[in-house]
Structures are given as structure tokens and as C-alpha cells.
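Worksheet: the structure to be examined is printed underneath.
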Amino acid sequence: MTSIASERIVRASPPCRRSLTRRVLRGAAIAVGSLLLVAVIAIAAMVRPDIPLAALMPEYGAAPSRFVHIEGMRIHYRDEGTGQPLVLLHGFGSSLFTWDRWVRQLAGTRRLIRLDLPGFGLTGPAPDGDYTAQRHVRVVAALLDSLHIERTDIAGNSMGGRTALMFVLAHPERVRKLILVDAGGFAPMPPPALFKLAQTPIVGPFLIQHVTPRFVIRRNLAGVYGDPSRLTNAVVDRYSAMVRRTGNRGAMVARITGPSDPNLADRLGELKLPVLIQWGQLDQWIPLSDAHGFQRGIVGAELRVYPGAGHVPMEEIPEATARDAGAFLGPSRSGQR
């Protein structure tokens, strides 16, 4: 009897194990499905729709804003103040409003021209999807032509710094002095998390183009500031609005995944004009070593490093950076237009 019972138990064991395995797999599948459902619901809750240009115009596009047609786009720009002209170029993901506090400080002695580069701000996406630095240089030249400005000073931050540098190399006769503020263009930089995400097939572009809640914008901006306590709600609201302008998120992905802009370290010796380099010591996007590289490569370049500031010192410590910029540019003939 014992032998027969044992045989029955042994014969019964495999089906029991199979049943247990099925239950475990079924439970795992339910758990994974539940997690996926939760993830989908969470992502759906963070989806933010585009904001039409018309909805942004009353707050951001009213006077002194102006628009001019260049290369199939309606370029948003502002032309304020009096004196010798100074062009101001913003960085990636930003807009002409990044220079607001410089304008307040310098408009009494300078004519300040700033614009939303293609793919950003109220200018929005380019019909042909071209967001290269070369396109930006052409747009700046065309805007100056439309304003009948033959020669100007120029300043640029980050991506705008690279554009300013390339503009000088392409049109040296049109620029008197150059200011590079935490500028790109010296050497390749490690891609920030946002760039890595955009380069992740399918998922990355979808998230960037649709999932941009305000708290994500704030977190990204906090990484740009050396002291996040300086980041105001108004600045976060403005960045959020500009990013969600119809077409801008797609343009950001196109710029990140498109052709790389050139690095210009080997061309710095061509510069034959006064250059001021301004840099936030705590810049997490472009290292301070690039500032020293620019200074070594540009004959006579001046360098100002700002302790405690990050990648956008003209926003974070506008009084100090604008004061230094004004001193570098020198006296201006008030009333000149």
C-alpha cells in the first residue's frame, strides 16, 4: 500500500507544479499589466497640449514685440532703447525674454535687438525643419538688413553664443565687439539628459513633444541655475508657455536629432575684435574649462567668472553681468538709431 500511495503522489506532482507555475505566471502578468496601466495613466495625466500662437500673443507678443518675414517664417523680435546697437541671442529651449533684465539695465544707452530664433519662442517652427546654426546666422543677418543696421555689437548665451561666434566668422565686417555668455562651440559637450531622451527611439520624442508638465519644466530650469532659489514662478511660467507654443516641442526634437553644429576651437584665431567671455562658475551644461579654452584661443579676450551662477548668468545675476557688459562695450552715443 505504501508503494502504491507513493507512486500516486509522484504521478500527481508534475501537474501540481505546472498548475503552480501557471498561477505564478498569471500573477506576474497581472502585476506587470497593472504597472503598465498605472504608467500609462500617469503619463496621460502629464500630457500637455500645444498652446496656439494666438493665445500667447496678448501676454508675450504685444508691443514692443514686432514680427518680420524671413525665409518663410514670421520672426519675433524686439528693438528697444537708443544708442549703438547690441544684438542679443538666446540659448536652446529659451527665447528673447531671457534678456529682459539686461534690456532694463542697458536700454538707456544701447539699442537692443533680440529675436526668437527659428524653432523657439513666438517665432515657432521652420517650415523646412532647418534649425542649424547656419540658418540662425542667416536669419540674424536678414533681420539686421531689414533694420538697416550695417554694424553692431553682439552677445549670445549657450546655443546663441555659438551663433554669435559663427556670425562674426561669417561677417567680421558687421561686428564691433562680441560677448560670449556660457557659449557653446568650443568643444563637444556630454549630452544633457534632455538630449539623451530625445535620441531614444520612439519613446523619447513622444515624451518631449507631449509630456511637459510645469514641474518638469521647473526641475530642468533648476539645473540651469547655479542657485535654484533665484528661479521665480514667473520665469517658469514663461518657459512653459514658450515650450508649448505650437510646433516648438517638435522643433526641439528636430534640432537635437538633426545635424550637429560645428565646434570652432580651431577657428578662434581668426577673430580680430574685442571679446568678453562671461561664465557661471557652476554651469552644469558647458564646463568652465570651455571658458578658459575660449580665452586661450582668442587673442586679447577678457574673462569674467561669476561664483554661484549657472548656465544663464544674464538671468540669474543680471545686474552684475549687464554692468560688466556695458563697461566692456564702452560709451554709446545716446539717441542713435
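No value in this document is a laboratory result; all are computed from the given coordinates. In this text, all values refer to a predicted model and were calculated from it rather than measured experimentally. Glycine gets a Cβ as well: all are built from the backbone with ideal geometry, and neighbour counts include every protein chain shown.
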(message) What does the C-alpha gyration tensor say about the overall shape of the range 271-328? Classify as rounded when a/c is under 1.5, otherwise prolate if a/b is larger than b/c, or oblate.
(response) oblate
(request) Could you tell me which of SER260, LEU276, SER240 has its Cα farthest along the dipole of the range 223-277 towards the positive end, charges placed at Cβ (Lys, Arg +1; Asp, Glu -1), taken about the Cα centre? (result) SER240
(request) Name the shape class, rounded, prolate or oblate, that the alpha-carbon gyration tensor gives for the range 228-271, where a ≥ b ≥ c are the square roots of its eigenvalues, rounded holds for a/c under 1.5, and otherwise prolate holds if a/b is larger than b/c and oblate otherwise. (result) oblate
(message) For the ranges 282-290, 312-320, what's the packing order if you count other beta-carbon atoms within 10 Å of each residue, average per peptide, and put the highest first?
(response) 312-320, 282-290
(message) I need HIS90, HIS69, HIS311 ordered by Cβ neighbour count within 10 Å, fewest first.
(response) HIS69, HIS311, HIS90
(request) List the residues whose amide H sits under 5 Å from the amide H of PHE92, counting only those 5 or more places along or on another chain, with H placed 1.01 Å from N in the peptide plane. (result) MET159, GLY160
(request) Would you mind classifying the range 55-329 by shape? Square roots of the alpha carbon gyration tensor eigenvalues, ordered a ≥ b ≥ c; an a/c under 1.5 is rounded, otherwise it is prolate if a/b is larger than b/c and oblate if not. (result) rounded
